[in-house]
Amino acid sequence: MTEFKVSLDNTRQNKEPDSAALKRIKELFLERVYRVNKDNVKSFVKMVGENGCSFCPSTFNGSFYDVSITEENFKQKQLFVLNFNGDISFEKAKERAERYDLPILFAYKPLSSEDSNNFRISFLNDVPILDKRAAKIYTNLLMTVFHEADKSDRDITKVYSGGKELLYFDTDIPTLDVDTLNRNFTIYLIDENGMKNYKRELYKFSERNRVALNKSKTLDISVVDKITEESKVKLFEDNSPLAILLFNTDGEKSSNQKYIINLSNSNTSSQSSHEDSKTKESKVHKDFRSTDLKKLGRNCQLFREFESGSRRLDQRELFGVATNIIQIEKGIKRFNDILTANTYYSDRGWKYDKWNKELFVLTSNDRKPSDCNSFCPYKSECQHGGNILSTSIPKRGSMEKLDNYEEVFYSEDEVVKDLKSALDKAYHSSGKMIEVIKAQTAIGKTTAYLNLMESCPSVRFLIAAPTNILKNQIYNDAVKRSISAINTPSLEEIKDEIPKKVWNHISFLYKTGKHRSVHSYIETTLKKKDIPPLREYLKKREQLIDFDGSLITTHRYLLNMNEQRLNEFDAIIIDEDIILKSVIPNQGKITLSNLNELLESATDSRLVRKIKELLELNERKSETDSSIELDGFEFENEDDEESDAISMPFDIASFCAAKHFYFVKASMKNNLKEDTFFFMKPVTFKGTKYIIVSATANEKVYEYYFGRENVSFHECKQVKNKGGLNQYYNKSYSRSCIDENPGIIDHLMKRFRIDRVITHKKYEEGLLHFGNTEGSNQYEGMDMLVIGTPYHAEFLYKLFALSMGLDFNEDSKMESRVVTNNGYRFTFTTYDDEVLKDIHFWMIESELEQAVGRARLLRHDCTVYLFSNFPLRQANLKKFEYDNESDK
């Protein structure tokens with residue numbers, strides 16, 4: 001329970017205090033504010049109920065020297081007391097309290113009581129009430145239900161004498177709230193006056209207490225989650241002329257709810273005339289159809305238990321379910337049917353009628369669905385949305401923040417230290433083969449490992465980057481620090497300086513997997529003709545052999561190094577996610593017709609056998625896309641005459657070594673003109689330790705690829721971005737979505753007046769596109785647009801999973817599903833198979849993070865406008881409307 005405060009004289013009394021004693025007691029109250037909590041609540045109840053200690057449920061402002069127990073000095077009230085003088089028995093009052101869900105905290109016989117029907121009952125509100133108008137309204141609501149109470153109880157300064165006998169004490173310390181009180185007040189009026197006449201009494205109460213009426217012509221008292229401009233109340237304005245806000249002010253919170261009591265702002269009530277009230281503003285249909293009822297049990301454990309009767313829900317849980325189910329067509333009937341079927345109230349049949357009225361009032365008041373966090377026992381273990389409906393029946397294009405997810409940010413110094421510590425630990429580790437360090441873009445990953453290299457001048461490091469551009473940047477930074485390092489030369493970088501015929505043949509050798517033949521071809525060519533760029537290239541290659549410092553190279557070069565060469569280095573650090581940037585793109589493919597052509601020209605028996613097995617297994621499969629697994633073998637083709645005779649640029653060696661193939665039928669969807677076999681070219685990470693530093697590495701994917709026992713994963717702390725990421729999520733902005741909305745990219749560029757854009761390659765907009773953003777700083781510190789959700793062809797995700805030997809459902813299809821990621825619950829087109837979904841999400845998120853990262857939001861006060869329905873961390877979620885060009 002939370003603490004509540006009363007004014008208490010803890011002097012034991014045996015008789016009702018006279019006027020002189022009462023004056024003395026009031027003088028003491030300002031010094032004797034008594035704090036009641038879970039540890040002393042029993043002793044407080046005993047002092048009042050049995051020992052005759054006088055108290056006032058309110059506390060007041062002032063001091064001992066300036067005492068005045070008046071309404072003007074009212075401070076707060078959380079305990080409400082009603083005094084009964086014989087017009088009703090305690091048993092009847094208690095029964096009425098139970099009927100209308102108004103839990104009594106304690107009851108006692110006052111000292112002056114001679115009649116057995118003289119007693120006092122108290123109710124504890126869930127939050128302290130700081131506004132005297134609200135305290136009076138609350139009291140008057142109670143006194144309408146308990147009309148037999150003493151009329152003097154309306155006085156919020158009233159002092160009550162203690163008692164001589166405790167009649168009742170609920171050790172669970174139940175609390176009431178103004179929303180429940182108002183709702184049951186309405187139900188009581190219906191019971192007393194009937195459905196036709198209860199609103200007449202509502203109007204009277206509204207006029208007397210200046211409480212506004214809502215559209216349904218009931219008291220405008222509501223629960224709110226967030227205080228907005230529409231709430232017409234300011235959080236710290238105690239005397240708002242329009243509304244009163246009730247919320248918890250300090251201490252341990254017993255309730256996270258906030259309540260608003262809207263007031264009439266004139267001398268007359270704000271409701272329309274009685275005749276106008278007969279006109280109902282009702283929707284033709286509810287937001288959710290009756291067919292949606294079936295989805296509740298599939299997605300919500302609490303509703304499943306309610307529906308099956310496997311557990312009896314308590315009142316709070318039932319109420320939470322009710323506020324959700326009434327939003328669905330035929331939801332009220334379904335709720336009542338479940339109550340009846342599971343005999344919730346076999347001994348209290350009147351409860352069924354009470355629930356009927358409860359549901360009627362909730363619907364009439366347009367009550368919003370209760371948040372899961374306010375009533376569900378599974379809130380901390382369920383990946384739920386805001387409420388049962390958004391969890392079970394999310395609307396297409398919706399995106400909802402998970403309440404149990406919170407992004408935690410640290411100072412830049414803390415994060416840099418965390419990165420350094422992780423790198424040092426990985427460097428000195430002698431355990432796992434793969435040490436992965438995930439750290440956000442622009443935090444200084446390159447600086448961290450250059451610092452390590454600088455501090456260990458005698459250590460030979462091998463640094464591998466995804467591109468030649470990034471390789472050269474790292475090398476130049478190392479040289480500036482006087483680090484002994486050399487970078488590998490690249491034929492790709494000098495291809496424009498090489499005769500076209502020579503480059504075409506070099507390119508052909510690479511495509512056919514004859515990497516070792518490239519240099520012998522260059523040497524032979526140079527004997528015939530002097531080509532200075534090629535001569536310089538070979539010279540730099542020779543320098544690598546004798547150089548005893550650190551080597552800075554590319555992922556591709558690293559993956560082609562033999563184990564003996566790798567063992568010459570003391571530490572291998574891979575910059576960026578090598579699986580995403582260098583393993584997955586290393587695909588091979590061959591059309592069905594080319595495979596048959598290869599079969600006709602091949603003479604190697606093993607190659608012939610493998611092609612035949614592949615074709616035969618594919619014939620047995622269905623006509624749809626399919627996966628095939630075969631044994632691999634090593635095919636030495638560097639100087640093989642057979643491979644030289646094949647005209648197609650095809651890597652036979654990789655085809656022979658590959659064990660997993662995916663056959664894809666020709667279709668517009670996959671942009672294939674012919675049926676094609678795809679395979680992952682085998683990549684071997686030799687038996688040494690690798691340290692991977694990346695902003696996009698995914699723990700599950702690395703464990704899938706290398707085996708959980710071989711991976712140590714550390715995700716660094718996060719710094720809050722200096723710049724802003726505004727994400728517009730109401731469309732997917734996939735290629736198909738953009739194609740269905742022609743001109744949308746130009747529209748967005750004009751709307752935001754920004755021409756720096758990253759999107760899908762096919763649209764040829766901007767200098768960068770998805771897939772080639774790593775290492776680029778040309779948009780650093782600039783506002784930019786990122787437009788798109790970068791899906792790949794479906795077969796690629798399955799091929800990758802297949803190549804890792806993972807167990808997954810090959811029949812799983814991409815469909816719109818409810819998913820959770822990065823602290824959001826949203827609808828997204830993906831797989832229901834967890835392995836495929838993990839791979840899919842990792843690839844999409846990586847591409848988006850890399851694209852957004854080009855602006856370097858961490859260090860620059862600029863804005864990236866992201867148009868995608870896949871949520872990223874630190875994003876400000878927004879909707880974009882095209883009709884009126886307004887963003888919400």
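The values are calculated or read from the model by the stated rules, or taken from the named source; none is laboratory data. This is a predicted model, so every value here is computed, not measured. Heads up, the Cβs are rebuilt from the backbone with ideal geometry, glycines too, and the neighbour counts pull from every protein chain shown.
Quick notes on this structure:
- Residues of segment 313-355 that turn out to be part of a loop (DSSP other than H, G, I, E, B) and touching a residue at least 40 places away in the same chain (Cβ under 8 Å), as a count: 4
- Residues that are closer than 20 Å to Glu576 by Cβ and either under 16 Å from the mean Cα position of the chain (by Cα) or of a type in the set (S, T, N, Q) (or both) within segment 848-869 comprise just one, Gln850.
- Count of residues meeting criterion [within 21 Å of Leu768 (Cα to Cα) and more than 17 Å from the chain's Cα centre (by Cα)] in segment 802-847: 3
- Here Arg120 meets each of (1) closer than 21 Å to Pro17 by Cβ; (2) in contact with a strand residue (DSSP E or B) (Cβ under 6 Å, 6 or more places away or on another chain); (3) among the basic types (Lys, Arg); (4) in contact (Cβ under 8 Å) with a residue 60 or more places away in the chain with one exception, condition (4).
- When the residues of segment 538-585 are filtered to those that are surrounded by 15 or more Cβ atoms within 10 Å (Cβ to Cβ) and among the polar types (S, T, N, Q), the one that is farthest from Tyr702 (Cα to Cα) is Ser550.
- Looking only at residues in segment 482-501 that are surrounded by fewer than 16 Cβ atoms within 10 Å (Cβ to Cβ) and touching a helix residue (DSSP H, G or I) at 6+ places or on another chain (Cβ under 7 Å), the one that is farthest from Ile545 (Cα to Cα) is Glu497.
- All of (1) buried (at least 17 other Cβ atoms within 10 Å of the Cβ); (2) in the same structural domain as Ile628 (by TED's automatic domain parsing) hold for Gln727 with one exception: (2).
- Residue list for segment 654-677, restricted to those being surrounded by 17 or more Cβ atoms within 10 Å (Cβ to Cβ) and either modelled with pLDDT under 90 or farther than 28 Å from Asn710 by Cα (or both): Phe663, Val664, Leu672, Thr676, Phe677
- Residue list for segment 13-63, restricted to those being at pLDDT 85 or above, over 19 Å from Gly163 (Cα atoms) and acidic (Asp, Glu): Asp39
- Counted residues, segment 506-535 - those being at pLDDT 90 or above and outside any helix (DSSP H, G or I): 3
- Counting only helices (runs of 4 or more DSSP H) that fall entirely inside segment 405-485 and contain at least 1 residues that are aliphatic (A, V, I, L, M) and over 33 Å from the mean Cα position of the chain (by Cα), the qualifying elements are 445-455, 468-480.
- Filtered residues of segment 503-529 (kept if among the β-branched types (Val, Ile, Thr) and touching a Pro at 6+ places or on another chain (Cβ under 8 Å)): Thr512
Okay, residues lined up against (1) surrounded by 19 or more Cβ atoms within 10 Å (Cβ to Cβ); (2) of a type in the set (D, E, K, R); (3) under 27 Å from Gly444 (Cα atoms):
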site: Ser803; (1), (2), (3): yes, no, no
site: Glu810; (1), (2), (3): no, yes, no
site: Lys813; (1), (2), (3): no, yes, no
site: Asp833; (1), (2), (3): yes, yes, no
site: Ser846; (1), (2), (3): yes, no, yes
site: Val852; (1), (2), (3): yes, no, yes
site: Tyr865; (1), (2), (3): yes, no, yes
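- Taken over segment 160-174, the criterion of being surrounded by 13 or more Cβ atoms within 10 Å (Cβ to Cβ) and either not assigned by TED's automatic domain parsing to the domain that holds Ile25 or not hydrophobic (A, V, I, L, M, F, W, C) (or both) is satisfied by Tyr160, Ser161, Gly162, Gly163, Lys164, Glu165, Tyr168, Asp170, Pro174.
- Within segment 424-445, the set of residues being of a type in the set (Ser, Thr, Tyr) and within 20 Å of Tyr410 (Cα to Cα) comprises Thr441 only.
- In summary, strands (runs of 3 or more DSSP E) completely within segment 83-195 and bearing 2 or more residues that are more than 30 Å from Ser264 (Cβ to Cβ) and of a type in the set (D, E, K, R) occur at 163-169.
- Pairs, first at positive phi in segment 498-525, second in a helix (DSSP H, G or I), C-beta under 7 Å, six or more apart: Gly513/Ile652; Gly513/Ala653; Gly513/Ser654
- Pairs where the first residue, in segment 77-97, is within 22 Å of Ser112 (Cα to Cα) and the second is among the β-branched types (Val, Ile, Thr) and not in a helix (DSSP H, G or I), C-beta under 8 Å, 6+ apart: Leu79/Val6; Val81/Ile121; Leu82/Ile121; Phe84/Ile121; Phe90/Ile121; Ala93/Ile121; Lys94/Ile104; Lys94/Ile121
- On the stretch given as segment 356-391, residues that are assigned to a loop (DSSP other than H, G, I, E, B), in contact with a strand residue (DSSP E or B) (Cβ under 8 Å, 6 or more places away or on another chain) and either farther than 19 Å from Val224 by Cα or aliphatic (A, V, I, L, M) (or both) total 2.
- Contact map, segment 16-44: first residue assigned by TED's automatic domain parsing to the domain that holds Ser58 and surrounded by 13 or more Cβ atoms within 10 Å (Cβ to Cβ), second residue in a loop (DSSP other than H, G, I, E, B) and small (Gly, Ala, Ser), Cβ cut-off under 8 Å, separation 6 or more or different chains; pairs are Glu16/Ser112; Glu16/Ser161; Pro17/Ser54; Pro17/Ser161; Leu22/Ser54; Ile25/Ser54; Leu30/Gly62.
- Members of segment 685-698 that are outside any loop (DSSP other than H, G, I, E, B) and polar (S, T, N, Q): Ser694
- When Ile156 is tested against (1) in contact with a helix residue (DSSP H, G or I) (Cβ under 8 Å, 6 or more places away or on another chain); (2) free of Cβ contacts under 8 Å to residues at least 60 places away in the same chain, just one condition goes unmet, and that condition is (2).
- Ile261 at pLDDT 85 or above, surrounded by 15 or more Cβ atoms within 10 Å (Cβ to Cβ) and not in a helix (DSSP H, G or I): yes
- Residue under evaluation Gly397, criteria (1) under 29 Å from the mean Cα position of the chain (by Cα); (2) in a loop (DSSP other than H, G, I, E, B); (3) of a type outside the set (Ser, Thr, Tyr); (4) modelled with pLDDT of 85 or more, criterion not met: (4)
- Of the set (1) in contact with a Phe, Trp or Tyr (Cβ under 6 Å, 6 or more places away or on another chain); (2) closer than 30 Å to Lys432 by Cα; (3) part of a loop (DSSP other than H, G, I, E, B), all apply to Val701 but (3).
To keep it simple, each residue is scored yes or no on (1) part of a strand (DSSP E or B); (2) at pLDDT 95 or above; (3) outside the structural domain of Gln727 (by TED's automatic domain parsing).
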position	(1), (2), (3)
Phe795	no, no, no
Gly805	no, no, no
Val818	yes, no, no
Trp842	no, yes, no
Asp861	no, yes, no
Asn876	yes, no, no
Asp883	no, no, no
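- Every residue from segment 704-718 that is part of a loop (DSSP other than H, G, I, E, B) and touching a strand residue (DSSP E or B) at 6+ places or on another chain (Cβ under 6 Å): Lys717
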